[in-house]
Amino acid sequence: MIGEAAVRAGCRFYAGYPITPQNELTEYMANAMAPLEDGTFVQAESELAAINMVIGASMAGARAMTSSSSPGISLKQEGISYLAAQELPAVIINTMRGGPGLGNIAPSQGDYFQATRGGGHGDYRTIVLAPASGQELANLTMTAFDYADNYRTPVMILGDGMMGQMMEPVTFPDPVDLQKLSPKPWKLDGADGRPSRVILSLLLDTAKEEEHNWKLARKYETIAREIARADTYMTQDAHLVVIAYGTAARIAKGAIKRVREIGLKVGLFRPVTLWPFPQRAILELSRFVKDFLVFEMSTGQMLEDVKLSLEGRSRVHFYGRPGGIISTPDEIAKVINSLYHRQRLELEEE
Amino acid sequence: MAKKVFERPKYLKKSVFHYCPGCGHSIIHRLVAELLDELDIGKKAICVPPAGCAVLAYNYLDVDMGEAPHGRGAAVATGLKRTLPDKIVFTYQGDGDIAAIGTAETIHAANRGENITVIFVNNGVYGMTGGQMAPTTLEGQNSTTTPGGRDPARDGSPLDLSQMLAIAKGSVYIERTAVNSPKNIRRTKRAIKKAFKVQMAGLGFSLVEVLSPCPTNWKMTPVDAAKWVEEHVTKIFPLKVIKDKAGKVT
Ligand code: SF4
């Protein structure tokens, strides 16, 4: 699904390294690039090599992508830091699995911190998109390439193994016309009739490095203003709102449908961009909602962003299942139920 | 015909080298710049400089430059060259960069037969970080991390990366030269010229390993350092064509 969307988005360079649970994507890209005259697929010798090949392809102006799963993404962080520093566009897919360490190959959301806090060394951010359905996965893959080019920054799609297995009908957006994409006046293609260009990240002069850091910070501010996005479901009249992303949000939605059937006024807030985090929209909700339940397939990472966003205005509860455990909607419905009744009881007492 | 003997090559920027006196980098930069002009490839050249003393190569070589993380030159060059097969892509790397932290990237680029050129400057030491042991440091040679000299039992022996790369099927042309004498400098220029020509002909992976003095970290005068190359380094890393599958390239 990502593969087809990436090709339609104009991705012409893919480098990757085998790791479960995302080998289907690598294999898809091998077959998709082969017939394209301007397409390149390289099975790299390591995750490090793969991300660095992407750096090279991006310098040359190509729409480039790599993908991996948690342990492999750790290795790619070096390159992601350089992409951010050198202001190079690229798309990185992380199909998260249980961790830390080798962990397991089951769906997990344990890489939230790594993805949204920069991940590699240095003062930078990565745009992080979290699709929750097949259709959204396809759409956001296209969006990821546009964001990467527009803002000249690496973009990560954060998913998990569940997403790859979803059998949903998807309408793919039309392929982009590569000729119509904005030119990249910074790319390296030989200084023929123009001054030579340098793409670097070494700034030994501290004043220059500071200037570069602030320049990046201003760019991140612009990004935060322009693309922070969330999806809501039945929040208008909700007394309790569940906050979850990706697969966890799908499970939560199932739970909310069940509790709505028995009359509980519960809604779902689903961040689509994890960085920038849709803070303002959550803060907005806190005007009417007293209790939030954060549900993650981890021991609580996005939880911190929710608390920061709410500035202490509402109560934040947490339910998490790390290690690759996939909760059922019934399990979440139970958690919602008990929180909801506690809240109602309190109100009656008041 | 009158011939100008010393002229700034077209592809050398007008900045003064920061390299120490007697350092081989300045000479090798100059040779590369001359060849970019002589082969008329400067306009389509993209250089991938390393981390190390030559990290500032972009201040000197007047071509497009894309800086790679330490050791990843061959991978970055792979991405560039695969995207722009008509351009001339070359990396410029030191021994620590290529033969320690970047060994995997280099071996696999050679094995895939990437049509890139590698200038591998071997001075047997980590220059920029202050003289630590490199994979190519000679046995017994002093460095800041080998008290009493490199001890094979403790520190391992010098690694001959070029020889290893020659085993890879995809490598086409590999030669080891030096820049410690006018004669060797001329030989180095010929070798780099051939390496570029191999790429221009689309034949595959080419590499020139250049033995280069680092008087500063060897704690020698430039003259003594040049002599050390001749008397010690070439004994372990002999100057020769290590592999040539290309034959005569025009
Ligand atoms: S430290 Fe050595 S390699 Fe570095 S510039 Fe000085 S002489 Fe050259």
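Can you list the residues, at least 5 places off or on another chain, whose amide H is less than 5 Å from the amide H of A:I93, using H built in the peptide plane?
A:T66, A:S67, A:S68, A:I157
With contacts defined as alpha carbon pairs under 8 Å and 6 or more residues apart, what's the relative contact order of chain B in percent? Spell out each step's value before the answer.
Details: 520 pairs, mean separation 46.3, N = 250.
Relative contact order for chain B comes out at 19 percent.
Order by neighbour count: B:D62, A:D174, B:D151, A:D231, fewest other Cβ atoms within 10 Å first, most last. Don't skip to the end; give the middle numbers.
Values: B:D62 22, A:D174 7, B:D151 13, A:D231 16.
The order, fewest Cβ neighbours first, is A:D174, B:D151, A:D231, B:D62.
Starting from the Kirkwood Rh over alpha-carbon pairs, what translational D in µm² s⁻¹ does chain A have by Stokes-Einstein at 25 °C and 0.890 mPa s? Please list the in-between numbers first.
Numbers: Rh = 21.1 Å.
Diffusion coefficient, whole number: 117 µm²/s.
From the backbone phi of the range B:159-167, what are the Karplus-calculated ³J(HN,Hα) couplings (6.51 cos²θ - 1.76 cosθ + 1.60, θ = phi - 60°) in whole Hz, Gly and Pro given as x?
For the range B:159-167, the Karplus-derived couplings read 9, 9, 5, 4, 4, 4, 5, 5, 5 Hz, x marking Gly and Pro.
Report, in listed order, any pair from B:K14/B:K43; B:K10/B:K193; A:K215/A:K307; B:K197/B:K240 with a Cα-Cα distance greater than 20 Å.
A:K215/A:K307
So if I take the centroid of the Cα atoms in the range A:121-174 and the same for the range B:189-250, what is the distance between those two points in Å?
46
For the range B:87-222, what relative contact order do you get, as a whole percent, if you take Cα pairs closer than 8 Å and at least 6 residues apart?
Values: 268 pairs, mean separation 38.5, N = 136.
It comes to 28 percent, rounded to a whole number.
Among the aspartates and glutamates, select those whose C-alpha is under 20 Å from the C-alpha of B:K194, and discard any that sit fewer than 8 residues away in the same chain.
Within the straight-line cut-off, B:K194 pairs with B:E34, B:D37, B:E38, B:D40, B:D86, B:E114, B:E175, B:E209, B:D244.
For the range B:1-141, take the convex hull of the Cα atoms, compute a quarter of its surface area, and give me that in nm², please. Let's see the in-between values first.
On the way: hull surface 39.7 nm².
Approximately 9.9 nm², given one-decimal rounding.
Which of A:M297, A:M234 has the fewest other C-beta atoms within 10 Å, and how do the rest follow up to the most? Mind dumping the intermediate values first?
Numbers: A:M297 29, A:M234 15.
Ranked by crowding around the Cβ, least crowded first: A:M234, A:M297.
Tally Lys/Arg at +1 and Asp/Glu at -1 over every other residue whose Cβ is under 11 Å from the Cβ of A:P154; what's the total? Walk me through the numbers on the way to the answer.
Details: positive: A:K76, A:R125, A:R152; negative: A:E87.
Combined, the nearby Lys, Arg, Asp and Glu give +2.
If neighbour count is taken as other Cβ atoms inside 10 Å, put A:F172, A:F13 in order from fewest to most. The partial results should precede the final answer.
Working: A:F172 15, A:F13 27.
Taking fewest neighbouring Cβ atoms as first place, the list is A:F172, A:F13.
What list of ³J(HN,Hα) values in whole Hz, one per residue of the range B:219-236 in order, does the Karplus curve 6.51 cos²θ - 1.76 cosθ + 1.60 (θ = phi - 60°) give from phi, with Gly and Pro shown as x?
6, 9, 6, x, 5, 5, 5, 4, 5, 4, 4, 4, 7, 10, 5, 5, 6, 8
Show that you can apply the helix-only estimate: for the protein assembly as shown, add -39,500 (n - 2.57) for every DSSP H stretch of four or more residues, divide by all residues, and state [θ] at 222 nm to the nearest 500.
Values: 20 runs with 227 residues, N = 600.
Helix contribution divided over all residues of the protein assembly as shown: -11500 deg cm²/dmol.
What net charge do the residues around A:M142 carry, taking every other residue with its C-beta under 15 Å from that of A:M142, with Lys and Arg at +1 and Asp and Glu at -1? Walk me through the numbers before you get to the answer.
Details: positive: A:R8, A:R12, A:R63, A:K180, A:R229; negative: A:E4, A:E136, A:D146, A:D149, A:D174, A:D177.
So the environment of A:M142 carries a net charge of -1.
If you take every residue apart from A:A252 with its C-beta less than 11 Å away from the C-beta of A:A252, what net charge results, scoring Lys and Arg +1 and Asp and Glu -1?
Numbers: positive: A:R250, A:K253, A:K257, A:R258, A:R270; negative: A:E296, A:E331.
Summing Lys and Arg as +1 and Asp and Glu as -1 gives +3.
On a straight-distance basis, which aspartates and glutamates could pair with A:K265 in a cross-link, Cα separation under 17 angstrom, same-chain partners fewer than 8 positions away excluded?
Correct list for A:K265: A:D237, A:D291, A:D330, A:E346, A:E348.
From other protein chains only, count the Cβ atoms within 10 Å of every residue's Cβ in A:195-203, then give the mean.
On the way: counts 2, 13, 6, 11, 6, 8, 3, 6, 0.
Counting Cβ atoms of other protein chains within 10 Å of each residue's Cβ and averaging gives 6.
If eta is 1.306 mPa s and T is 10 °C, what Stokes-Einstein diffusion coefficient results for the range A:208-297, Kirkwood Rh from Cα pairs, in µm²/s? It would help to have the intermediate numbers written out before the result.
Numbers: Rh = 14.4 Å.
Answer from the Stokes-Einstein relation: 111 µm²/s.
Ignoring GluC sites (Glu not before Pro) that are buried or in helix or strand per DSSP, and keeping those with at most 16 other beta carbon atoms within 10 Å, what is the longest stretch of chain B between them?
Value returned for the longest uninterrupted segment is B:8-138.
Would you mind pulling out the separation of the Cα centroids of the range B:15-83 and the range A:28-78, in Å?
24
Run the numbers on chain A and let me know its relative contact order in percent, using alpha-carbon pairs under 8 Å that are six or more apart. Please list the in-between numbers first.
Numbers: 691 pairs, mean separation 56.8, N = 350.
This gives 16 percent for chain A.
Amide H of B:G94 versus every other amide H placed in the peptide plane: which residues, excluding those fewer than 5 positions away on the same chain, fall under 5 Å?
So B:G94 has HN proximity to B:V121.
For the range A:229-317, run through the GluC sites (Glu not before Pro) and keep only the ones in DSSP coil with at most 16 other Cβ atoms within 10 Å of their Cβ. Present the calculation step by step, with values, prior to reporting the outcome.
Numbers: sites: A:E261, A:E284, A:E296, A:E304, A:E311; in loops: A:E311.
Within the range A:229-317, the qualifying GluC sites (Glu not before Pro) (loop, at most 16 other Cβ atoms within 10 Å) are A:E311.
For the range A:230-349, give the magnitude of the charge dipole about the Cα centre (Cβ charges: +1 Lys/Arg, -1 Asp/Glu; no others), in debye to the nearest 20.
Numbers: 17 positive and 14 negative charges, 39 e Å.
Taking the Cα centre of the range A:230-349 as origin, the dipole is about 180 debye.
We did not get these values from a lab; they are worked out from the coordinates using the rules stated. The structure displayed is predicted, hence computed values, not measured ones. So basically every Cβ, Gly included, is an ideal-geometry build from the backbone, and we count neighbours across all protein chains shown.
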